[in-house]
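Engineer: Sharing a structure below in structure tokens format, with a few things to ask.
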Amino acid sequence: MGKGKLDVPVWEKMNLTVEEAAAYSNIGINKIDEMAKSPNCSFVLYIGRKKLIKRKEFEQYIAKSVEI
């Protein structure tokens, strides 16, 4: 654990980086980035220029999908 920084397990995080979401879901970074750019994407959160993936919404999206 880094000094002054908490290491929170991915499955407990509210939001994930694109890289974390890719590792968590076994979906490529480029594919997640492409999905997040969709105008009706419900699982992306922008903080300035930073793009985060809302974990629970992302999980629900994957659970409902047959093909990505």
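Engineer: Using the Karplus equation 6.51 cos²θ - 1.76 cosθ + 1.60 (θ = phi - 60°), what ³J(HN,Hα) coupling, rounded to whole Hz, does each residue of the range 4-10 give in order, writing x for Gly and Pro?
Structural biologist: x, 10, 8, 9, 9, x, 4
Engineer: Related question: Please give the length that would be gained between Ile62 and Asp7 if that part of the chain were fully extended, namely 0.36 nm times their separation in residues minus their C-alpha to C-alpha distance (nm, one decimal). Provide the component values of the computation, followed by the final result.
Structural biologist: Working: separation 55, 0.36 × 55 = 19.80 nm, distance 2.54 nm.
Once the chain is fully extended between Ile62 and Asp7, it gains 17.3 nm.
Engineer: Ok, one more. Run the helix sum for the chain: -39,500 (n - 2.57) per DSSP H stretch of 4+ residues, divided by residue count, reported at 222 nm to the nearest 500 deg cm²/dmol.
Structural biologist: One gets -10500 deg cm²/dmol as the mean residue ellipticity at 222 nm.
Engineer: If packing is taken as the average number of other Cβ atoms within 10 Å across a peptide's residues, how do 18-24, 8-14 rank, most packed first? Before the final figure, lay out each step's value.
Structural biologist: Numbers: 18-24: 17.4, 8-14: 9.7.
The most tightly packed comes first, giving 18-24, 8-14.
Engineer: Can you sort Lys64, Lys56 from fewest to most other Cβ atoms within 10 Å of each residue's own Cβ?
Structural biologist: Details: Lys64 7, Lys56 10.
The most exposed by this proxy come first: Lys64, Lys56.
Engineer: Once you keep just the Cα pairs under 8 angstrom separated by 6 or more residues, what percentage relative contact order results for the chain?
Structural biologist: Numbers: 53 pairs, mean separation 20.0, N = 68.
For the chain, the relative contact order is 29 percent.
Engineer: Hey, another quick one. Would you please give the FRET efficiency between Asn40 and Met14, computed as 1/(1 + (r/R0)^6) with r the Cβ-Cβ distance and R0 = 25 Å, to the nearest 0.05? All intermediate terms of the calculation are to be shown ahead of the outcome.
Structural biologist: Details: r = 21 Å, r/R0 = 0.86.
The calculated FRET efficiency here is 0.70.
Engineer: Right, next: Using +1 at the C-beta of Lys and Arg and -1 at the C-beta of Asp and Glu, which of Val44, Ile62, Asn26 has the Cα lying farthest in the positive direction of the dipole of the chain?
Structural biologist: Comparing the listed Cα positions along the dipole, Val44 ranks first.
Engineer: Run the dipole for the chain about the Cα centre, Lys and Arg Cβ at +1, Asp and Glu Cβ at -1, nothing else charged, and hand back the magnitude in debye, nearest 20. Before the final figure, lay out the partial values.
Structural biologist: Numbers: 12 positive and 9 negative charges, 64 e Å.
In total the dipole reaches around 300 debye.
Engineer: A further question follows. Starting from the Cα of Arg49, step 7 Å along the direction of its Cβ; do the same at Ile29; then give the gap between the two resulting points in nm.
Structural biologist: Going from the Arg49 label point to the Ile29 one covers 1.6 nm.
Quick note: the coordinates plus some simple rules give every number you see, no bench work behind them. These numbers were taken from a predicted model, which means no experiment stands behind them. As a convention, Cβ positions derive from the backbone with ideal geometry for all residues, glycine included, and neighbour counts pool all protein chains shown.
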